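**Student:** Structure below; questions to follow.
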Amino acid sequence: LNSGSAILALSRARPVLVPAIGSMPELADLVGHDWVRIYAGELDGEVLRDFAAHIRSMPPEASPDLSPLSWDRVTSDLRLFLGKLL
């Protein structure tokens with residue numbers, strides 16, 4: 001289970017800054033740490049400045065590879081999982 005807000009932002013080619021909780025580290029591994037920036041501890045000015053600098057350094061035409069989250073991929077993975085249960 002992932003954050004729908006994070007995935008929506010990524011689908012619009014917008015990097016996200018998320019806390020290191022839940023499935024966010026897995027989402028970063030899946031999509032890329034350039035797109036899903038994780039912070040630990042408190043969200044403070046330094047974290048925000050670093051994230052802003054990172055965003056400015058990204059090419060404007062860049063976009064994340066969301067193919068692991070595509071409907072075809074999810075359907076295929078679910079079919080394989082259910083097949084193993086039977």
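**Student:** Arranged by the count of other C-beta atoms within 10 angstrom, fewest first, what order do R14, R56, R79 take? Working shown, then result.
**Tutor:** Values: R14 13, R56 7, R79 10.
If I rank by nearby Cβ atoms, fewest first, I get R56, R79, R14.
**Student:** Here are a few candidate values for mean projected area of the Cα convex hull in nm²: (1) 6.7; (2) 10.3; (3) 6.4. Which one was actually calculated from the structure I just gave you?
**Tutor:** Of the labelled values, this structure produces (3).
**Student:** Quick one: I55, I21, fewest Cβ neighbours within 10 Å first, how do they rank? Walk me through the numbers before you get to the answer.
**Tutor:** Details: I55 13, I21 10.
Exposure proxy ranking, most exposed first: I21, I55.
**Student:** Still on this structure, please answer the following. From the backbone phi of the range 14-29, what are the Karplus-calculated ³J(HN,Hα) couplings (6.51 cos²θ - 1.76 cosθ + 1.60, θ = phi - 60°) in whole Hz, Gly and Pro given as x?
**Tutor:** Once rounded to whole Hz, the list reads 10, x, 10, 10, 9, x, 7, 10, x, 9, 4, x, 5, 4, 4, 5.
**Student:** What GluC sites (Glu not before Pro) does the chain have in DSSP loop regions with at most 12 other beta carbons within 10 Å? The partial results should precede the final answer.
**Tutor:** On the way: sites: E26, E42, E46, E61; in loops: E42, E61.
Those that pass, being in a loop and sparsely packed, are E42, E61.
**Student:** While we're looking at this one, here's another question. Tell me the label-point distance for the pair L66, D29, using the 7 Å Cα-to-Cβ offset, in nm and rounded to one decimal.
**Tutor:** 2.2
**Student:** Short version: ³J(HN,Hα) in whole Hz for each residue of the range 61-69, in order, from phi by Karplus 6.51 cos²θ - 1.76 cosθ + 1.60 (θ = phi - 60°), x for Gly and Pro, what are they?
**Tutor:** Running phi through 6.51 cos²θ - 1.76 cosθ + 1.60 with θ = phi - 60° gives 8, 5, 8, x, 8, 9, 4, x, 9 Hz.
**Student:** Still on this structure, I have one more. Any chance you could check the Cα centroid distance between the range 52-86 and the range 3-47 for me, in angstrom?
**Tutor:** Each part reduced to its Cα centre gives a spacing of 14 Å.
**Student:** Note down the nm distance, to one decimal, between modelled labels 7 Å out along Cα→Cβ at V47 and at R14.
**Tutor:** About 1.9 nm separates the two model spin labels.
**Student:** In addition: Sorting M24, M58 on the 10 Å Cβ count, fewest up front, what's the list? Before the final figure, lay out the partial values.
**Tutor:** On the way: M24 20, M58 13.
Ordered from fewest to most neighbouring Cβ atoms within 10 Å, M24, M58 come out as M58, M24.
Rule-based calculations on the coordinates, nothing more; no lab input. Fair warning: this is a prediction, and the values are worked out from it, not measured in the lab. For neighbour counting, all protein chains shown are included, and Cβ atoms are generated from backbone atoms with ideal geometry for every residue, glycine included.
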